[in-house]
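What follows is a set of notes on a single structure, which appears directly below.
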C-alpha cells in the first residue's frame, strides 16, 4: 500500500533531473522504478487477451459463415441431383411401360404363331401315324405270307412222310424246296428309307426283284438311265445327274406332280422315298448298279393303289 501511494504521488509531482549515487539508496531507487513498470504493464496484458478473444470469436464466426455457405451449396447441389434423379425415374417408368406394351404385343404374336405350329405338328403326327399303320399292315401281310409258306412246307413234309416209296428222292425234293424257300426269304432284304425311317423290303438284283413281284404287294418298274437323260418311269420321270462307279454313288432327280426331288450322293440299294399323287402315297426308288459309263440300273416301287401309266396297261 505504501509503494502504491508513493507511485501515485510520484506521478502527480513532476521531478527534475536527479543525480544518483551508487549505493544502497541507488539500488532502492532502481527497485522502485521496476515496480512501477510492472504496475504500468498490467493493464496492457489484460487488453491483449481481450483483443485475442475477440479475434478468435471473429474467426469462429467467419468459419461458421463459410461452413454454412458451403453446406448451403451442397444442399442445393443435392436437391438438383435429386430432382434430376426423379425426372430420370419418371422417364424410366415411361420407357418401362412402353417396353411392357411391346412385350405384350410380341407375346400375343408368339402365342398365335405357336398355336399354328401346334396345329401343323398335330397334322404331321397324324400323317406319320397313318404311314406307320400302313407299314405295319404290310409287315403283317408279309408275316401272313411267311406263315402260309411255313404251313405249305409242313404239309409237304407230312406228305413225304406218308409216301413210303422212293423215300430218298422225296427227301431230296423236300430239302431242295426248303432250301429254295429259305433262299427266297433271305433275298428279301429289309432297309430303312431315307424319308420315313421305316424298314422296307428291297431287291438287290433281278432275281430278288422277281421274288418281290410275286409277293404282289406293290407295283415295280425297272429302268436304266444314262447321265443327262430324263426318262419317264411309271407315273414319274427320272434324270441321272452324276454317277461315280468307284464310290458306288450317284445323284438322281425325280420329277413328280410338277415338283423336283434331288437325291444327292446316294448309295446302291438305298431306298429313296418320296410322295406322289393327288392323295400322296409313298414311292421308292432302288438303284442296284452304277457302271463306269455313267449309267445306273434299278427299279421304281409304287403302292398297288397308286395310278399306273396308261402305256403299261397294268
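The values are calculated or read from the model by the stated rules, or taken from the named source; none is laboratory data. Only a predicted model underlies this, so the values are computations on that prediction, with no experimental measurement involved. Counting neighbours? That spans all protein chains shown, and the Cβs are built from the backbone with ideal geometry, glycine included.
Scanning the range 246-265 for residues that are crowded, with 18+ Cβ neighbours inside 10 Å and under 33 Å from the mean Cα position of the chain (by Cα) gives 261, 263.
Let's see how each residue does on (1) assigned by TED's automatic domain parsing to the domain that holds residue 272; (2) out of contact with any helix residue (DSSP H, G or I) (no Cβ under 8 Å at 6 or more places or on another chain); (3) modelled with pLDDT under 75:
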{"site": "109", "(1), (2), (3)": "no, yes, no"}
{"site": "124", "(1), (2), (3)": "no, yes, no"}
{"site": "155", "(1), (2), (3)": "no, yes, yes"}
{"site": "160", "(1), (2), (3)": "no, no, yes"}
{"site": "171", "(1), (2), (3)": "no, no, yes"}
{"site": "174", "(1), (2), (3)": "no, no, yes"}
{"site": "179", "(1), (2), (3)": "no, yes, yes"}
{"site": "182", "(1), (2), (3)": "no, yes, yes"}
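Residue 197 meets the conditions (1) surrounded by 12 or more Cβ atoms within 10 Å (Cβ to Cβ); (2) outside any helix (DSSP H, G or I); (3) at pLDDT below 70 in every case but one. The failed one is (1). Within the range 225-245, not a single residue is within 21 Å of residue 279 (Cβ to Cβ), assigned by TED's automatic domain parsing to the domain that holds residue 288, under 38 Å from the mean Cα position of the chain (by Cα) and in a loop (DSSP other than H, G, I, E, B). Of all the criteria given as (1) surrounded by 14 or more Cβ atoms within 10 Å (Cβ to Cβ); (2) at pLDDT 70 or above, the one not satisfied by residue 232 is (1). Return yes when residue 254 is assigned to a strand (DSSP E or B) and closer than 24 Å to residue 131 by Cα and no when it is not. So residue 254 fits the description; yes.
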